[in-house]
Every structure is written in C-alpha cells, then in structure tokens.
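The block underneath contains the structure these notes are about, expressed in structure tokens.
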Amino acid sequence: MHGNILIIDDEESLRKLLVRIISLEGFRVEEAGTIKTAWNVLNHKEQDVVLCDVKLPDGSGVDFVKQAKPRFPLVEIILLTAYGNSGGSVKALTIEVVHDPGPPLPAVIYSQTNFIGHGSAMTISGLDQCGVAPAIGSVYTLAPGTTSLSGSPTLLGNPSTPQSGPMNIDIAGSINRLQAGATVVTTDQNGTNFGSASAYVTVYSNTTNPVNAGGLTMQNGTGYGLLLVQGDLVMGGGFVWNGLILVTGNVTFNGGGGAANIRGAILGGSFESVNGGVDLGYDSCKIRDAFRRMPLRVLSWRELE
C-alpha cells in the first residue's frame with residue numbers, strides 16, 4: 001500500500017516518531033510543525049491523508065480543517081486530540097487507510113433493469129484476463145430485470161449464464177463519490193484517447209448539463225481508468241476502455257465495423273441495445289489500477305493507550 005500522508009504537529013519528537021512508524025508501513029510522509037508549513041506542503045504536493053494536532057503555534061487545527069476541507073475535498077483529515085503533555089503521558093494512533101474499493105461486481109455487465117443483446121458477434125467473459133481474481137458472472141440484472149439474447153453470443157464466467165437477483169448497486173452514488181478531480185467531457189468523442197497504460201485517469205460526463213442529446217457517444221479511441229456518465233452512453237466501433245465504466249442511464253453498444261471493447265467491467269441503468277461486434281472481458285488488474293489513482297480513504301482509526 002502506498003500513499004501520501006502529511007503530519008502536522010509542533011512537538012518535534014512526537015512528529016518524528018510518527019514519521020518513522022508510518023514510513024515503515026510503506027507510506028510517503030511529509031511533516032509540518034506549523035499551519036503555514038502545512039499549507040505550503042498541501043499547495044505543492046498531493047496528499048491523501050492529513051494528521052493534524054489541535055493546538056499549533058500559529059493557529060487552531062480545527063480552523064485549519066475548516067479551511068482545508070473545501071479546498072482539498074479528497075483529502076482525509078484527522079485531528080489528533082490525544083497528543084499533549086498532560087501527566088507526561090503520550091498516546092499514539094493506529095490508522096487503517098485504503099483506496100476506494102468501488103462498487104461490488106457480480107458480473108462483467110450489471111444492469112439495474114434489462115439487458116438486451118442482438119447477434120452472435122458478441123463475447124462477454126467473466127474470466128479474469130490477468131489471472132489473479134476468481135471469475136465473476138457474465139451478466140447480472142437487478143430483479144425483476146431480465147436478459148434477452150438473440151443469436152449465439154459467447155458467454156463465459158462463473159456463472160456463465162445471465163443471472164437476475166436482488167443486488168441493488170448505487171451507481172449514481174458511486175459516480176458522485178468518484179468524480180472529484182475527473183476530466184470533464186461535454187461533447188461526443190471520436191478518435192480521442194484518455195490516459196495510458198502507465199497513467200490511468202477518471203473521465204466524467206453529465207449529459208444533461210450541458211444537454212448532450214442522445215447521451216455521450218464514444219468511438220475510435222482508447223481509455224484507461226474510470227469512465228463515469230450521468231445519463232446515457234453509446235459505445236461505437238473501435239472504442240476500447242480499460243478499467244471500470246459506470247453509467248446511470250442506458251448503455252448502447254454499436255460495434256459497427258470494429259468491436260466495442262471493455263477490459264474491466266461496466267455497470268449501467270439499462271442495456272437496451274447491444275449490437276454488432278462487442279467484446280467485453282473482466283480484468284481485475286485494470287480495475288485495480290483505475291482505483292489506485294484515487295485518494296486513500298481512512299477506513300478506521302483508534303487510540304492506543
């Protein structure tokens with residue numbers, strides 16, 4: 001686990017101790033003895049977590065948090081109330097931080113309503129392309145949604161047959177949580193590439209603001225990371241996305257002269273028209289890499305007596 005942690009404490013011995021302990025866990029640690037120094041670090045170096053003492057020489061840690069949180073909404077900030085000289089005692093903290101795990105993935109394709117697919121030039125595989133995670137299903141619909149297939153598509157996974165069940169994934173909530181800092185797209189994309197194999201990104205589009213009639217269309221391009229769409233998405237021929245796609249509205253695949261490919265997984269409100277060449281394969285490594293660019297999130301913390 002790697003991430004950036006800033007420690008703000010004017011007591012140098014305690015600050016240095018925390019730096020050593022946290023560094024041994026594999027984190028990159030910055031330190032500051034004053035609020036002024038802390039602002040300088042935050043303004044020049046990206047941080048995931050900030051540990052801040054309540055009382056500092058040049059101000060209040062509480063006031064600092066109130067000012068810092070609106071400017072750095074993705075940074076987790078913890079006030080260290082346990083530190084002080086009362087009775088000569090010293091308390092420490094144990095902190096567990098994680099990257100946002102994202103929504104659960106019961107299948108390569110998850111639909112909140114129906115999934116309708118046409119033709120035999122379609123492959124949907126829940127077998128992990130990077131070979132490190134257990135297989136997932138091919139298609140899962142939230143009941144009473146159903147899967148309707150024509151032709152003889154290739155379905156692989158565990159299970160390979162489409163499933164319908166009670167798992168209600170909050171796609172809109174996930175998008176709201178993940179969109180901060182994303183590249184915003186407001187028009188259809190043809191021939192545009194996003195990110196690279198070594199630099200995953202987050203792309204966000206709200207097709208109602210400004211209005212993009214018919215939803216967002218993407219074709220003849222390659223992307224790496226998270227693709228978040230508030231509204232409808234049309235994936236045309238020659239489009240490849242590596243990572244995770246979340247769509248609140250309807251998803252349409254039009255393979256056309258070239259396959260519409262996903263290496264990862266896709267969750268949508270509905271899949272009402274899946275046509276032409278479509279090649280969708282689960283890849284846990286690419287989904288993992290998509291979330292590694294996200295800030296660390298504090299999972300739990302407690303004082304150690």
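Throughout, read-outs are computed from the coordinates displayed, never taken from laboratory work. All figures in this text were calculated on a predicted structure; none of them were measured in a lab. Note that we place each Cβ from the backbone using ideal geometry, even for glycine, and neighbour counts take in every protein chain shown.
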What are the extents of the Cα atoms of segment 107-291 along their three principal axes, in Å, largest first? 37, 36, 35
Which three semi-axes in whole Å describe the equivalent ellipsoid of segment 4-90, each the square root of 5 times a Cα gyration tensor eigenvalue, listed largest first? 19, 16, 11
Label model pair SER152, ALA121: point-to-point distance (7 angstrom along the Cα→beta-carbon line) in nm is 1.7 nm
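Give me the number: length gained by fully extending CYS130 to VAL54, i.e. 0.36 nm times residue separation minus the C-alpha to C-alpha distance, one decimal in nm.
22.8 nm
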In nm, spacing of pseudo-spin labels at VAL184 and ARG292 (7 Å Cα→C-beta vector): 2.9 nm
Tell me, what ³J(HN,Hα) does each residue in segment 232-249 have, in order and in whole Hz, if you take phi through Karplus 6.51 cos²θ - 1.76 cosθ + 1.60 with θ = phi - 60° and put x for Gly and Pro? 9, 10, 10, 9, x, x, x, 9, 10, 10, 10, x, 10, 10, 10, 9, 6, x
